[in-house]
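Below is one structure, written out as structure tokens, with a few remarks after it.
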Amino acid sequence: GIQVEQSPPDLILQEGANSTLRCNFSDSVNNLQWFHQNPWGQLINLFYIPSGTKQNGRLSATTVATERYSLLYISSSQTTDSGVYFCAVLFDKAAGNKLTFGGGTRVLVKP
Amino acid sequence: GAVVSQHPSRVICKSGTSVKIECRSLDFQATTMFWYRQFPKKSLMLMATSNEGSKATYEQGVEKDKFLINHASLTLSTLTVTSAHPEDSSFYICSASRERHTEAFFGQGTRLTVV
């Protein structure tokens with residue numbers, strides 16, 4: 001069936017380290033977004049990236065739609081980067097504007 | 001980016017009572033909004049699609065009589081948890097987009113605790 005899989009499920013980093021989070025999806029997409037869920041539960045929009053590469057400060061993302069994956073890069077990680085990172089996809093075949101979420105990657109950045 | 005506001009952020013209610021959660025798009029009109037539920041340490045699960053001026057569309061397994069959705073205007077959708085029970089305790093979050101197939105924005109979420 002239609003799936004969105006994120007890896008790794010958990011990640012522990014030392015402050016200052018770099019990391020890569022991966023999102024695999026099972027079918028062609030209209031939309032792909034990366035979110036950071038903070039400790040209070042709010043979803044912060046990081047990237048709207050159905051294809052290509054974008055950068056915002058220490059974060060960047062790349063989506064290779066033809067190979068059905070997206071990567072989120074965190075460079076020089078800080079303790080404030082801790083939280084859960086979600087990838088969410090709008091599949092071409094999805095009815096309406098429904099996003100399908102991956103399982104998330106829980107990141108802990110230690111000082 | 002667009003702003004979606006959700007209220008209340010936290011609510012505690014007694015079993016058997018009903019609770020209403022509001023989701024507003026503050027700077028754009030949204031003909032469609034979405035309601036999600038999130039269990040602790042789990043991902044977001046879509047509950048229903050709220051359609052302005054018509055009935056909501058519920059995902060399989062979601063009780064429409066338990067979770068009443070009203071989308072009375074282009075900027076407001078409400079989710080009412082009726083006759084709440086402790087198992088309804090959860091984090092509920094809404095989203096909206098300016099247009100179809102564009103970036104989705106989420107409200108702050110509502111943490112519901114039923115005692």
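The values are calculated or read from the model by the stated rules, or taken from the named source; none is laboratory data. Computed from a predicted model, the values in this text were never measured in an experiment. Cβ placement follows ideal geometry from the backbone for every residue including glycine, while neighbour counts extend to all protein chains displayed.
How many of the residues making up region B:64-104 are basic (Lys, Arg) and farther than 18 Å from B:GLU52 by Cα? Spell out how you get there, then give the answer.
Going residue by residue through region B:64-104, those that are basic (Lys, Arg) are B:64, B:66, B:98, B:100.
Keeping just the survivors that are farther than 18 Å from B:GLU52 by Cα gives B:66.
Here the count works out to 1.
Among the residues of region B:5-41, those that are within 15 Å of B:CYS94 (Cβ to Cβ), of a type in the set (Val, Ile, Thr) and modelled with pLDDT of 95 or more comprise B:VAL11, B:VAL19, B:ILE21. Kindly indicate which of A:SER70, A:SER51, A:SER60 is free of Cβ contacts under 8 Å to residues at least 24 places away in the same chain and surrounded by 15 or more Cβ atoms within 10 Å (Cβ to Cβ). Just one listed residue meets the conditions, A:SER60. Do the conditions hold for B:PHE34, that is, is it touching a residue at least 40 places away in the same chain (Cβ under 8 Å), loosely packed, with under 14 Cβ neighbours inside 10 Å and under 26 Å from A:GLY102 (Cα atoms)? No.
Residues of region B:47-65 include at least one that is among the aliphatic types (A, V, I, L, M), within 16 Å of A:ALA88 (Cα to Cα) and surrounded by 20 or more Cβ atoms within 10 Å (Cβ to Cβ). Taking the criterion of being at negative phi and in contact (Cβ under 8 Å) with a residue 40 or more places away in the chain, the residues of region B:56-89 that qualify are B:LEU74, B:THR75, B:LEU76, B:SER77, B:THR78, B:LEU79, B:THR80, B:VAL81, B:THR82, B:ALA84, B:HIS85, B:PRO86. Looking across region B:1-16, the residues that are closer than 19 Å to B:PHE67 by Cα, assigned to a strand (DSSP E or B) and within 12 Å of the chain's Cα centre (by Cα) come down to B:GLN6, B:HIS7. Counting only strands (runs of 3 or more DSSP E) that sit completely within region B:23-115, those holding 2 or more residues that are away from chain A (no Cβ under 13 Å), among the β-branched types (Val, Ile, Thr) and farther than 28 Å from A:PHE47 by Cβ correspond to B:76-81, B:110-114.
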